[in-house]
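To start, the structure itself, in structure tokens.
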Amino acid sequence: MTFLLLMALSVAGVVMVVVLRRWQTVVVGLVTAILVAMAVIAGSVSEPAYSYFMGRLIEFRPIYGRILAFCYVCTTAVTVSGLRSYYNPTGYASTMAFTALITAAISVQDGILGALLLGAALVLVVFVMASPSRDDQMASLQVLSVLILIGPLLLLAVWALQSRSLNPNDLSYLQLGVISLILTFALGMGAFPFGFWFPPIVRKGNPIAVVLVYIAMVALVMRLAAILPQLLWPQGQLLVANLLLRAGLITVIAGSLLALLKSSLDGIFAYSVLSTLGITMLGLGIGTDISIRAALLHLIYTGIALTGGSIGLAVLRRYYGGTLLTQISGARQRFPLAVMGLFLCGLSLSGLPLTAGFITRFTIFSEIDTAHLGMTIAVAAAGIGPAVGWFRFALAVRGSSVRAPMNWLLLPAVLCVMMGGTLVFIDTFPSLLEALDPQFPLMLEDFRLLLVP
Amino acid sequence: MNNTLIALFEKLQSFSPQSTAILIVITAVILMLTSDVRRAVVALLVQYTLLAILIGPRVYGPLTILRIGIGIAICAILLVTIRHARVYAASTLAAQRSSLAVILYRILTLVFSALAVYAVWQANLLHLSPADGLVTYALILSGIFLAATGNEPLRLGIGILMAISGFATATVLLEQGLLVIGLWGVIELLSALAIAASIESWADAQQKASVR
């Protein structure tokens, strides 16, 4: 019932946005209201619910509900941030359609259908990216060419592993399944080809496109959790875990180095996020109970930082026409809230204390086998790159600005600092999450059981 | 007119899967080599029709018509977009397309993709029949090569559409649920629309740049 309600709301949202497309303020208000309603509905699920839709089993677990609710909240934030500025109605209609497809992709039990739904959702991201005219369109098509592969590759992995369970002696299915699964995950998390598609979206895409891509990554992790334990044999799980570990390690270190070298805020931000996604892969690859739970939490914190950071980045990009560190002098005086929000998000992405992301990083590092001390040191040291980048940002925004203000950028700036504040708040009062939602630890355990039964 | 179409359709259906597969591969080769955008769209339409004829009757009869309909819709979207995007008539782009270096580059891309298709076809990891395997691998790999080496949105977009067609063909041959087939149709149409939107914006940006 919850699933059908969420789907009905998303579809109604698409129709209403198309009908009312001429009134941008109404469209933003409508999309915000629908997303908030969906977040409340999805977040209030306390028991697993099973139903059938077009002959396929739908399983709506509380963990799916909480994660979807979080994704809806992030989408709401970026939608509200665009009230007076960035997006056209095509982007909003695509966002609602994307929400419907992702909800279905996470909830449906059939692996092949889930992969196809995820693939369709990723195509919609291109519509959102293509909305503002200043975007680099070749880049968005190149991104599409990579994104379009994720759904079919996941589908291939599911099909091969299902076929393998019917023909246990045929190793070719196994090879195909494992290769496809690894390629899907590496492509989907931006680890391979390194820096090809994810950083351009973060740097050039609008905040909605950035958040939608992040949500697709979360859906991919959820689908991985649905595939892995059922279809792979124990050594296969180990192989996938090892490859995840290595991909995570490379992503963390390379992302960190590039964040250190970039001379623009969008570059520092994009590679800090990529490096942080590597930590999530590392946590999943280590594969212990604690590291898997920490990895999921880390992915959620990354979502908060990514949402807040992309909103703040859009504010500065809009005002200064670019985000080179030499261009944004005086931003601290002109946009103190956006700068503060960005800085807090950056600290969280760097894994510095007092921001969410520090504890989860620390937990994941402590779970790395003691035999791999060198790896632990390398990964921990990799946090320095983004941290230096963010301190360079803090130095670059000093000075005074003589340009005329744009007061309508105040709303996104407030949203940005709220996201940054949330990251500090979570780290300062970690038990508050449990107090707000007593079922939350159980849900993390539920996710862990999905991945390693 | 109708009788001619029906006769043509029957004639095409009488082709063996092997002949149809070879014709599909020929359309893929044309798409990789041609510089003329309209010719490319026509070749794409022929490819969609042949694919529908290859897989439709083996899965579910009326699917042939549905697949041809999707192909026509996609090609119509691309043709309308090309007409809007006047930059495709610009002399500079035309000159760039026909230069010797570009032709050699395309031939090299074709050779590499042919080698890749042959290697994957020999391995046949999907356990498809030789004709189905040839079509599937040729479409996926040449599509990916075309998308990876495309220097303008239409070429890149056609590569993406070819790769999707290849994946859709494989899925439809392996998992014949109507919901899955329908979803592939939706993905193909959405992709065509996304490509069209990107081409229009790219053309706008090109025109603005040339005015400056």
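Since every read-out is calculated from the coordinates, none of them should be taken as a lab result. Model, not experiment: these values are computed from the prediction. Ideal geometry is used to build each Cβ from the backbone, glycine not excepted, and the neighbour counts take in all protein chains shown.
When the dipole is taken about the Cα centre of chain A, and only Lys, Arg (+1) and Asp, Glu (-1) are charged at their Cβ, what size is it in debye, to the nearest 20? Please list the in-between numbers first.
Working: 23 positive and 15 negative charges, 305 e Å.
About 1460 debye.
A simple spin-label model places pseudo-atoms 7 Å from Cα toward Cβ; at B:Leu104 and B:Ser35 they are separated by 1.5 nm.
Once you keep just the Cα pairs under 8 angstrom separated by 6 or more residues, what percentage relative contact order results for chain A? Working shown, then result.
Working: 753 pairs, mean separation 63.3, N = 453.
For chain A, the relative contact order is 14 percent.
Scaled to the compact-protein estimate 2.2 N^0.38 Å, what is the alpha-carbon radius of gyration of chain B, rounded to two decimal places? Write out the running numbers ahead of the final one.
Numbers: Rg = 17.5 Å, N = 212, 2.2 N^0.38 = 16.8 Å.
Taking the Cα Rg and dividing by 2.2 N^0.38 Å, one obtains 1.04.
For chain B, the membrane-span-like helix rule (DSSP H, alpha carbon extent of at least 15 Å along the helix axis, mean Kyte-Doolittle at least 1.0) picks out B:17-33, B:37-59, B:63-84, B:100-123, B:130-149, B:153-174, B:178-211; this says nothing about an actual membrane. Residues of the stretch B:120-159 with an amide N closer than 19 Å to a point placed 7 Å from the Cα of A:Asp170 along the Cα-to-Cβ direction: B:120-137.
Could you calculate, for the stretch A:150-207, the ratio of the Cα radius of gyration to the Kirkwood radius, expressed as Rg to Rh? Kindly include the intermediate steps, with their values, before the conclusion.
Details: Rg = 14.8 Å, Rh = 12.5 Å.
Using only Cα positions, Rg/Rh for the stretch A:150-207 is 1.19.
Based on the Kirkwood radius over alpha-carbon pairs, what is the Stokes-Einstein translational diffusion coefficient of the stretch A:257-336 at 4 °C with 1.567 mPa s viscosity, in µm²/s? Once the numbers are plugged in, D ends up at 93 µm²/s. Per residue of peptide A:153-160, the mean number of Cβ atoms on other chains within 10 Å of the residue Cβ is 3. Each residue of the stretch A:235-453 gets 112 Å³ once the volume of the Cα convex hull is shared out per residue.
Quick check: convex hull of the Cα atoms in the stretch A:1-133, volume per residue, rounded to a whole Å³?
On the way: hull volume 11.6 nm³, N = 133.
Dividing the Cα hull volume of the stretch A:1-133 by its residues yields 88 Å³.
Its relative contact order, with pairs defined as Cα atoms under 8 Å and 6+ residues apart, puts the stretch B:109-212 at 21 percent. Listed by chain and number, the lysines whose C-alpha is less than 17 Å from the C-alpha of A:Lys204, apart from same-chain residues fewer than 8 away, are A:Lys262.
So what's Rg/Rh here for the protein assembly as shown, counting alpha carbon atoms and using the Kirkwood radius for Rh? Numbers along the way, then the final one.
Working: Rg = 24.8 Å, Rh = 25.7 Å.
Result: Rg/Rh = 0.96.
Short-range pairs are left out: with C-alpha atoms under 8 Å and at least six residues apart, the relative contact order of the stretch B:2-211 is 22 percent.
From a point 7 Å beyond the Cα of A:Ser263 in the direction of its Cβ, which residues of the stretch A:310-333 have a backbone N at a distance under 11 Å? From the stretch A:310-333, the list is A:324-327.
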